[in-house]
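Here is the structure we will look at.
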Ligand code: HEC
Ligand code: HEC
């Protein structure tokens, strides 16, 4: 291969591995509490820890999210919590913990920010609001819409409901 061809290929590689990711990162960066990406969260506790200060900013779904209706049929929804548990164990347990109390192993071991989602503060929100928050994230709470399809996120809402603390 000529050295010119090698040089061109080198440039293409640099574009692909640095410029393209930097550009998409810049697009994502909408303010200091823009949500972290799902697979970065637990694998980069340094970065996640830096987002702890975001907990001080309110996490509020927009008014239209309140009205979002779960599109899964009632029969499906009854099964949904079991499906939801499988993805909860993979994607959420590390931070929110098995009972949703915010004491997941990764959160505790690596000081990754986490919160209790079994209490009224979370459980009194509508399905639509929880769906919106799981989809969009904030700070250390990843935005899951790029990784999990809508239906899986509605199933997660059904599972999160099952974590409600019995009063
Ligand atoms: C809730 C926290 C959490 C999230 C979210 C998460 N991981 Fe992990 N991941 C872990 C932990 C903890 C381990 C180490 C497990 C072990 O040692 O048994 C791990 C291990 C791995 C491994 C195996 C590494 C090895 O050396 O064996 C891969 C690959 C991986 N994760 C990829 C991903 C990808 C891709 C995503 C996004 C879909 C992701 N992870 C999201 C916590 C997480
Ligand atoms: C890396 C840790 C981490 C992972 C993984 C994670 N969360 Fe979160 N979650 C948080 C943090 C931190 C907050 C609070 C964010 C804030 O207010 O700044 C949050 C907030 C939430 C809320 C909103 C609670 C409320 O009262 O408004 C819900 C619902 C939620 N998470 C569900 C999930 C689900 C479902 C998953 C898995 C798909 C998940 N989380 C994965 C850290 C995490």
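Figures for the structure shown
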| read-out | value |
| --- | --- |
| Filter pass, residue 73 being farther than 26 Å from residue 33 by Cβ, in the same structural domain as residue 40 (by TED's automatic domain parsing) and out of contact with any helix residue (DSSP H, G or I) (no Cβ under 9 Å at 6 or more places or on another chain) | yes |
| From the options 163, 156, residue that is crowded, with 17+ Cβ neighbours inside 10 Å, in contact (Cβ under 8 Å) with a residue 24 or more places away in the chain and in contact with a helix residue (DSSP H, G or I) (Cβ under 7 Å, 6 or more places away or on another chain) | 156 |
| Selected residue (criterion: nearest to ligand 2 (Cβ to nearest atom)) from residues of region 136-147 that are touching a residue at least 24 places away in the same chain (Cβ under 8 Å) and surrounded by fewer than 19 Cβ atoms within 10 Å (Cβ to Cβ) | 147 |
| Check on residue 129, more than 19 Å from residue 41 (Cβ to Cβ) and either free of Cβ contacts under 8 Å to residues at least 12 places away in the same chain or touching a strand residue (DSSP E or B) at 6+ places or on another chain (Cβ under 7 Å) (or both) | no |
| Residue 133 away from ligand 1 (no atom under 12 Å from the Cβ), closer than 18 Å to residue 38 by Cα and surrounded by 19 or more Cβ atoms within 10 Å (Cβ to Cβ) | yes |
| Selected residue (criterion: nearest to residue 104 (Cα to Cα)) from residues of region 47-58 that are touching a helix residue (DSSP H, G or I) at 6+ places or on another chain (Cβ under 9 Å) and loosely packed, with under 15 Cβ neighbours inside 10 Å | 49 |
| Contacts under 7 angstrom Cβ, first residue in region 97-120 being more than 18 Å from residue 134 (Cβ to Cβ) and more than 9 Å from ligand 2 (Cβ to nearest atom), partner in a helix (DSSP H, G or I) and at pLDDT 95 or above, 6 or more apart | 105/94 |
| Qualifying residue in region 29-36 (condition: within 14 Å of ligand 1 (Cβ to nearest atom), at pLDDT 90 or above and closer than 17 Å to residue 111 by Cα) | yes |
| Of all residues in region 78-102 being surrounded by 21 or more Cβ atoms within 10 Å (Cβ to Cβ) and away from ligand 1 (no atom under 13 Å from the Cβ), the one that is modelled with the lowest pLDDT | 80 |
| Helices (runs of 4 or more DSSP H) enclosed by region 32-137 - at least 3 residues per element that are within 16 Å of residue 164 (Cα to Cα) | 74-91, 120-123, 127-136 |
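The values are calculated or read from the model by the stated rules, or taken from the named source; none is laboratory data. Everything numeric here is computed off the predicted structure, so don't read it as measured data. FYI the Cβ positions are ideal-geometry reconstructions off the backbone, even for glycines, and counts take in every protein chain you see.
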